[in-house]
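The values are calculated or read from the model by the stated rules, or taken from the named source; none is laboratory data. Note that this is a predicted model, so its numbers are computed, not measured. Positions of Cβ are generated from backbone atoms using ideal geometry, with glycine treated the same way; all protein chains shown enter the neighbour counts. Remember, those area values only see protein heavy atoms, side chains included, never the ligands or the DNA or RNA. Shrake-Rupley method; radii C 1.70, N 1.55, O 1.52, S 1.80 Å.
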Amino acid sequence: MVMMERREMNIWVVLLLVLFVLVEGVVSKKGGGGVNIWPMPVSVSYGHKSVFMSKDFKLNTEGSNYKDASCILKDGFSRFLDVVSLAHVVDADFSKFDASTILQGLNVVISSQNDELQYGVDESYKLLIPSPQNPALAHLEAKTVYGALHGLQTFSQLCQFNFSSRVIEVSKTPWTITDQPRFSFRGLLIDTSRHYQPLPTLKKVIDSMAYAKLNVFHWHIVDTQSFPLEIPSYPKLWDGAYSIQERYTMADAAEIVRYAQRRGINVLAELDVPGHALSWGRGYSSLWPSKDCQQPLDVSNEFTFKVIDGILSDFSKIFKFKFLHLGGDEVNTSCWTLIPHVSKWLEKHGMNETQAYEYFVLRAQKIALSHGYEIVNWEETFNNFGDKLNPKTVVHNWLGGGVAQKVVAAGLRCIVSNQDKWYLDHLDALWPDFYMNEPLTNITDPKQQKLVIGGEVCMWGETVDTSDIEQTIWPRAAAAAERLWTPYDNLAKDPVEVIGRLTNFRCLLNRRGVAAAPLIGLGRSAPIEPGSCYAQ
């Protein structure tokens, strides 16, 4: 079976090589009719003229209700200017340009004064380059500042350095782009337990997420291997870190939340219980059922639940996203029956080990609810006792296809991350797999479709650290990002159609300093030979 899968995988690689040869020279005709925007917007129209950004391109907010007291828009505009001029020095002589072709600035009109970031926030925008009312300006409209940030990302992809005039050019004007996401939850999981990821690395990942319009940073903070996060209520927990230097203070965590929020990205914190928790016991050994049974956590010990309550109390001061991930996957409860004091507790409460697993998950859910969170759990909880889960539970699918269909039929919400298509650590899952993975497969009832709140690609950390995380994530995560953002009818029905646009986006990431791997080959493959970025 493995040999057959490998053979099919190698055939895919060969086919991709052939396809790149076939599409060379005609990439502009595929996947968007010459529109090199990723992800593809809802509606795009363009012309055949060009405008040029002035050296003093300015932000205007005439007519906007948004006061920008926290400078989210101002900082987003500064980042926009930085990325469009990052690759080359703009040293044009603007006196030689026709004044009518110069864009002097961007007018941004935001209708809402509220800049609270939460699940379901309006992310729509409309971009006009130039403004029909004032051709000296581009025009961006949005309901919220976060929609405006997405509009800035799209605008940035339309800007190219002109090597003849040495200026930033926007070709194919006039542009009219109307856009909004298909799903409200578009996530990327980062695992900081298997390998510690320093703050600059996490921030760089968050920046690249914004380029692709992903909006949930799922932080799988702790696991069996290490517990790197400071918990003030139980300060010995981070004794489970790999080393003193491989830790996050609560101020570090707050900084990641702040940094992400200013880019329109929520942080979903995960505390995986009762399994995947061996590292907890390095600081508090009583959380282990015994020295020979170090996970799952001791279901019979009230201290276990006091610690969970303390952790979530500390979480609630920093992690303001409405959802909290409580894990619940891969729980091997067999050793609970072998430890005398746990076995006696099970007998006293009339439970077997499976029922104790259910008891643990449901009690952890109640603790999370008491801190104001809605809960996300991995799919094993649904597969084992779905009818007992709190109605506010979001089931996170990962084991395979078909689960989302069952979850929504039961009236629960679902996030799709099936491992065969959307696990980035599966290096043999190629970008066409990521692109073609449809979260609503076999879900035809409109009410049930709405219960699929989105999807997430998962960067598990067993084989990634700072040295290779970016090229393992990109460009495959971008393929899933379009699936989650773009209306279904606008998606390519064959991944061949988007090779040109995705290659362009990968090269754009490279120019912005993101180490996105070539499309040819397996996940995080290096270039196979000398050549252009656009031929890899």
Quick check on Asn437: is it touching a helix residue (DSSP H, G or I) at 6+ places or on another chain (Cβ under 8 Å), at pLDDT 95 or above, farther than 29 Å from Asp82 by Cβ and open to solvent by 30 Å² or more (accessible area, probe 1.4 Å)?
no
Members of the stretch 100-123 found to be within 28 Å of the chain's Cα centre (by Cα) and surrounded by fewer than 18 Cβ atoms within 10 Å (Cβ to Cβ), listed by number:
Val109, Ser111, Ser112, Gln113, Asn114, Glu116, Gln118, Tyr119, Gly120, Asp122
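Can we say Gly120 is in contact with a Ser or Thr (Cβ under 8 Å, 6 or more places away or on another chain), assigned to a strand (DSSP E or B) and modelled with pLDDT of 95 or more? So that I can check it myself, show each step before the final result.
Numbers: in contact with a Ser or Thr (Cβ under 8 Å, 6 or more places away or on another chain): yes; assigned to a strand (DSSP E or B): no; modelled with pLDDT of 95 or more: yes.
In short, no.
If you go through the stretch 60-94, how many residues are of a type in the set (A, V, I, L, M, F, W, C), open to solvent by 60 Å² or more (accessible area, probe 1.4 Å) and modelled with pLDDT of 95 or more? Before you say what the answer is, go through the steps one by one.
The initial filter retains those residues of the stretch 60-94 that are of a type in the set (A, V, I, L, M, F, W, C), namely 69, 71-73, 77, 80-81, 83-84, 86-87, 89-90, 92, 94.
The next check asks that each one be open to solvent by 60 Å² or more (accessible area, probe 1.4 Å); those that pass are 69, 86, 89.
Remaining after also requiring modelled with pLDDT of 95 or more: 69.
Residues flagged as of a type in the set (A, V, I, L, M, F, W, C), open to solvent by 60 Å² or more (accessible area, probe 1.4 Å) and modelled with pLDDT of 95 or more within the stretch 60-94 amount to 1.
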Given (1) open to solvent by 90 Å² or more (accessible area, probe 1.4 Å); (2) farther than 19 Å from Ile177 by Cα; (3) at pLDDT 75 or above, number of the condition His48 does not satisfy:
(2)
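Please work out if Thr463 is open to solvent by 10 Å² or more (accessible area, probe 1.4 Å) and hydroxyl-bearing (Ser, Thr, Tyr). Outline the logic, then answer.
Working: open to solvent by 10 Å² or more (accessible area, probe 1.4 Å): yes; hydroxyl-bearing (Ser, Thr, Tyr): yes.
Against the criterion (open to solvent by 10 Å² or more (accessible area, probe 1.4 Å) and hydroxyl-bearing (Ser, Thr, Tyr)), Thr463 qualifies.
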What strands (runs of 3 or more DSSP E) lie completely within the stretch 158-267 and have 3 or more residues being in contact with a strand residue (DSSP E or B) (Cβ under 6 Å, 6 or more places away or on another chain) and among the β-branched types (Val, Ile, Thr)?
167-173, 175-179
Among the residues of the stretch 268-299, write down those that are surrounded by 22 or more Cβ atoms within 10 Å (Cβ to Cβ) and in a strand (DSSP E or B).
Leu268, Ala269, Glu270
